[in-house]
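Structure first, commentary second.
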Amino acid sequence: MLFLNSFNWMPLLLTGKLALITTLILVIIGVPLAYKIAFSKSRFKPVFEALIGMPLVLPPTVIGFYFLLLFSPAYGFGKYLKNIFDIQLVFSFSGLVIASLLYSLPFMVQPIQNGLQSLPKNLHEASYILGKSKWQTLWYVLLPNSKKAILTGMVLTFAHTIGEFGVVLMVGGSIPNKTQVASSIIYEHVEALNYEAAHKYSAILLLISFVILVAVYSLSKNNMSFLRRNN
Amino acid sequence: MISINIHKRLKGTQGNFDLQIDEIISEGDFIGVYGKSGTGKTSLLRLLSGLDIPNEGCIKVAERVWYDSGNKINIPVQQRNIGYVFQEDVLFPNMTVLQNLRFALSKSNEIKLLDELIDIMELKELLDFNTYQLSGGQKQRVSLARALVSQPKLLLLDEPLSALDYEMRQRLQDYIKKAHKTYKLTTLMVSHDPWELYQLVNKVWEIDEGKVIRKGTPRQILPLDLYKNI
């Protein structure tokens with residue numbers, strides 16, 4: 001118990017909070033976006049797909065760097081926010097959330113997009129013929145039959161946000177109790193050669209991630225069998 | 001009365017061809033659309049329903065214009081109030097049989113009709129089933145009932161029986177016949193089974209390369225050797 005008394009839980013709580021908020025916001029943004037792209041006939045579709053997929057290939061530090069510039073109260077957008085609304089996003093938790101939203105966007109959008117695209121084409125046509133609008137079709141037909149894809153998107157987003165390091169360090173600056181999440185405190189402990197503390201956080205993170213994934217995968221297994229029987 | 005005069009450029013397996021249909025359908029007609037695969041039969045139904053849009057032409061149903069390329073009119077599929085049964089099963093897997101039927105109800109439809117359809121199509125025992133529990137024949141029966149819930153005047157059937165065995169086909173044909181009569185429908189049914197068409201329709205259009213090459217009664221158009229045994 002000595003171990004727990006002296007232990008600073010804050011970075012882990014912040015990590016969980018960041019992952020949860022990012023996941024919830026992204027599912028709201030991701031579903032309509034995935035729908036738009038999945039059924040887009042625009043010739044610019046590959047461009048949109050590439051834009052959303054960018055965080056997959058860019059080093060997180062690049063994203064972090066541009067967010068740092070964007071949020072900085074010294075220039076354009078950040079200056080505007082600071083002057084008009086007195087908001088400073090850089091080195092703040094809100095800034096972390098916004099950066100995480102972009103950074104994890106493809107992890108939410110791509111599974112849902114794939115899920116929607118893999119549904120039989122006639123399914124939504126049948127709904128249109130029954131007089132249902134695109135919105136009704138999405139809500140009552142397409143999404144209920146894409147539960148597994150949505151769940152996959154949520155798990156991946158949550159797990160990916162827990163694993164964020166480069167972006168949160170650049171944008172958040174690892175300020176204790178504010179933007180210092182688990183991944184950044186581990187880095188700091190390692191740098192200070194404080195391996196014991198680093199090990200505690202790492203082990204806990206490892207365990208938490210594993211438990212979450214096992215829980216969600218067993219949940220999605222039930223969902224999967226539901227879908228298998230249905231299709 | 002439905003007047004169709006449409007042109008659509010189609011991609012076939014052996015190159016492009018033009019679907020060019022200029023026909024009139026009288027109210028209450030049951031028309032068999034007959035011909036080889038890949039000649040534009042399904043495309044014709046899709047163009048009529050509004051799922052696909054012609055390159056040019058005009059579709060008029062009663063006095064209402066559904067499509068007119070000249071005046072840039074295109075009534076969306078949702079507002080055409082058509083019954084459509086696809087070749088494959090498109091029941092919504094996330095809903096039970098009853099939920100599938102109810103989904104087709106709009107505010108102006110009556111629940112009474114739904115009960116009547118359940119009765120006519122003999123679906124009472126199946127209502128609480130999930131769609132994956134149904135056999136092929138049961139699925140198409142539910143599909144047919146669902147297509148009729150919104151009281152369409154035009155029913156489009158795209159080879160709805162092709163995946164079923166002989167006995168099931170016979171039964172489904174009876175249901176289709178009954179529905180066509182009871183609800184005074186105008187029906188178009190795509191099929192390349194002459195026997196099936198002979199049982200159901202009063203007129204046949206034979207389609208090849210996107211054009212009606214022959215039309216007439218089933219006896220005039222369908223292959224004659226078929227009737228040797230009748």
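Assorted remarks:
- Taking the helices alone, chain B has a mean residue ellipticity at 222 nm of -8500 deg cm²/dmol, built from -39,500 (n - 2.57) per DSSP H run of at least 4 residues and averaged over all its residues.
- Here's how it looks for B:ARG214: its modeled amide H is under 5 Å from those of B:GLU206, which are all 5 or more places away or on a different chain.
- Value of Rg to Rh for segment B:81-179 (Rh from inverse mean 1/r over Cα pairs, i.e. Kirkwood): 0.92
- Under a model in which nothing but the beta-carbon of Lys, Arg (+1) and Asp, Glu (-1) is charged, chain A shows a dipole of about 1080 debye around its Cα centre.
- q = 0.12 Å⁻¹: log10 I(q)/I(0) that the Debye formula gives for chain A, counting C-alpha atoms only: -0.77
- Mean Cβ neighbour count within 10 Å, used as a protection proxy, ranking A:95-102, A:21-28 highest first: A:95-102, A:21-28
- Dimensions of the protein assembly as shown along the principal axes, based on C-alpha atoms and rounded to the nearest Å, stand at 95, 50, 44, largest first.
- Sequence of A:PHE7, B:PHE103, A:PHE44 once ranked by neighbouring C-beta atoms within 10 Å, starting from the fewest: A:PHE44, A:PHE7, B:PHE103
- Alpha-carbon centroid distance for the pair segment A:135-162 / segment A:45-94, whole angstrom: 26
- Förster radius 35 Å - calculated FRET efficiency between A:PHE7 and A:VAL57, Cβ distance, rounded to 0.05: 0.45
- Under the Karplus curve 6.51 cos²θ - 1.76 cosθ + 1.60, θ = phi - 60°, whole-Hz ³J(HN,Hα) for segment A:181-194, x wherever Gly or Pro sits: 8, 4, 5, 7, 6, 4, 4, 5, 5, 5, 4, 8, 6, 8
- Karplus-based coupling profile of segment A:24-33, in residue order and whole Hz: 5, 5, 5, 5, 6, 6, x, 4, x, 5, with θ = phi - 60° in 6.51 cos²θ - 1.76 cosθ + 1.60 and x standing for Gly or Pro.
- Zone of A:ILE87's modelled label, taken as backbone nitrogen in segment A:26-46 under 19 Å from a point 7 Å along Cα→Cβ: A:26-30
- Relative contact order (%) - criterion: Cα under 8 Å, at least six apart; region: chain B: 28
- Value at 222 nm in deg cm²/dmol, rounded to 500, when DSSP H runs of n ≥ 4 in chain A each add -39,500 (n - 2.57): -24000 deg cm²/dmol
- FRET efficiency estimate (nearest 0.05) - Cβ-Cβ, A:PHE48 to A:TRP139, R0 30 angstrom: 0.85
- R0 of 41 Å, Cβ-Cβ distance A:LYS147-B:VAL65: FRET efficiency to nearest 0.05: 0.50
- Proximal aspartates and glutamates to B:LYS184, defined as alpha-carbon separation beneath 16 angstrom and excluding residues fewer than eight positions away on the same chain: B:GLU27, B:ASP29, B:GLU116, B:ASP174
- Residues with amide H under 5 Å from that of B:TRP66, placed H, sequence gap 5 or more: B:ILE59, B:LYS60, B:VAL61
- Inter-chain neighbour count for B:86-96: the average number of beta-carbon atoms from partner chains within 10 Å of each residue's beta-carbon is 6.
- Placing dummy labels 7 Å off each Cα toward the beta-carbon, the span from A:LYS41 to A:ASN177 is 5.8 nm.
- The lysine pair tally for chain A, using Cα distances under 17 Å and a gap of 8 or more places or different chains, is 10.
- Burial ordering of A:TYR217, B:TYR198, fewest other beta-carbon atoms within 10 Å first: A:TYR217, B:TYR198
- Overall form of chain B: oblate. Here a/c, set by the Cα gyration tensor axes a ≥ b ≥ c, is 1.5 or more, and a/b is not larger than b/c.
We did not get these values from a lab; they are worked out from the coordinates using the rules stated. What you are looking at is a predicted structure, and each value in this text was computed from that prediction instead of being measured. Cβ: placed from backbone, ideal geometry, glycine included. Neighbour counts: every protein chain shown.
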